[in-house]
Amino acid sequence: DAKTTQPPSMDCAEGRAANLPCNHSTISGNEYVYWYRQIHSQGPQYIIHGLKNNETNEMASLIITEDRKSSTLILPHATLRDTAVYYCIVRVWGNQFYFGTGTSLTVIP
Amino acid sequence: DTEVTQTPKHLVMGMTNKKSLKCEQHMGHRAMYWYKQKAKKPPELMFVYSYEKLSINESVPSRFSPECPNSSLLNLHLHALQPEDSALYLCASSQGHSTSTDTQYFGPGTRLTVL
C-alpha cells in the first residue's frame, strides 16, 4: 500500500526552482520521509531525507509541514540533468521503503 | 564510496532456465534488498536481508530464491520464470539500523527478459 501521493508529472524551466510536492497524510511519528530520483532505467539515486525539520544538502532542500502530512522537495536551480522521476518515500520501522508512484519532472531549456 | 554493483546488466532467459543475479557492496552495510521494477512503475520490495538473515519476504513466488552468502554479497536465484517476470531487478544496501535513519543505496539494476 502506497503511503505517499505525488503528481504524476511536472515541468520546470531550466535555471528555475523545481518544487515537487508529496502528500503523506498517514505518516507515523517515527517514520522518515526520503526522496530519491531515477533517471531513465538507472538505479534510484538518494537525494535527501528528514523527520520533521527542514533539511538542506548540496542537491536539494526538503520542507516538511509542521503536521508532517506533506513535504516539498526543492531543486533550487534545475538543470536538464535533473530530468528524472522523483520518488517520495516513507521509511517505516524495520528497513522498509514504500515507494510512491513518483513525479516525472521534465526540465525545459 | 556509495557503490552497489550488479551483474549482469542484461539477462535473457527461457522459462526452463536457471540463472542468478548478483549484487555486491563494500560499504560495510549489514542490510541488503532486492526490488523488482516493471516499466513505468515504482520499485517494489521483494526481500530484505539483515545481518545475513532473511528478515522480510514480501510474498514473493518461490521461483525467486534469495541468498546472502556473506555481508557483502546478495544473490537472487531464478528458476522457471514466467514472461511477466521480465523487469528491472534492483539491489540496494544500507547500514542496517532499523531504528533510525538508514539510507538505502541502489545498484544500477539487471534488466531481465524472460522468453
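Here, each number is a calculation from the coordinates, and none is a lab measurement. Computed from a prediction, not measured in an experiment: that's the story for all the values here. So basically every Cβ, Gly included, is an ideal-geometry build from the backbone, and we count neighbours across all protein chains shown.
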**Request:** Decide, for the protein assembly as shown, between rounded, prolate and oblate: order the square roots of the alpha carbon gyration tensor eigenvalues as a ≥ b ≥ c, take rounded if a/c falls under 1.5, and otherwise choose prolate if a/b is larger than b/c, else oblate.
**Result:** prolate
**Prompt:** Across region A:98-109, in residue order, what do the Karplus-derived ³J(HN,Hα) couplings come to in whole Hz, using 6.51 cos²θ - 1.76 cosθ + 1.60 with θ = phi - 60° and x for Gly and Pro?
**Reply:** 10, 6, x, 7, x, 10, 7, 9, 10, 8, 9, x
**Fill in**
With the charge dipole of the protein assembly as shown built from beta-carbon charges (+1 for Lys and Arg, -1 for Asp and Glu) about the Cα centre, the Cα from B:H10, B:S50, A:V92 projecting farthest to the positive end belongs to B:H10
**Prompt:** Based on the alpha-carbon gyration tensor of chain A, what equivalent-ellipsoid semi-axes (square roots of 5 times the eigenvalues) come out, in whole Å, largest first?
**Reply:** 22, 15, 12
**Message:** Residue by residue through B:43-51, how many Cβ atoms from other chains fall within 10 Å of the Cβ on average?
**Reply:** 3
**Request:** For peptide A:32-42, compute the average count of partner chain beta-carbon atoms within 10 Å of each residue's beta-carbon.
**Result:** 3
**Item:** Average other protein chain Cβ within 10 Å of Cβ, residues B:24-36
**Value:** 1
**Item:** Relative contact order (%) - criterion: Cα under 8 Å, at least six apart; region: region B:1-45
**Value:** 34
**Complete:** Ranked on Cβ counts within 10 Å of their own Cβ, fewest leading, A:T79, A:T4 go A:T79, A:T4
**Item:** Reachable aspartates and glutamates from B:K53, criterion Cα separation under 14 angstrom, eight or more residues apart if same chain
**Value:** B:E67
**Request:** Could you give the size of the charge dipole of region A:1-74 about its Cα centre, using +1 on the Cβ of each K and R and -1 on the Cβ of each D and E, expressed in debye and rounded to the nearest 20?
**Result:** 80
**Request:** With 22 Å as the limit, write out which pairs from B:K9/B:K41; B:K18/B:K40; A:K3/A:K52 have Cα-Cα distances beyond it, or answer none.
**Result:** B:K18/B:K40
**Prompt:** Along the charge dipole of chain B, which of B:P66, B:H29, B:P83 sits closest to the positive end, that is, farthest toward it, with unit charges on the beta carbon of Lys, Arg, Asp and Glu (+1, +1, -1, -1)?
**Reply:** B:P83
**Item:** Selection from A:I74, A:S25, A:T103 lying farthest towards where the dipole of chain A points positive, charges on Cβ
**Value:** A:S25
**Message:** Suppose we keep just the DSSP beta bridges with both residues in chain A; what percent of those would be antiparallel, to 5?
**Reply:** 85
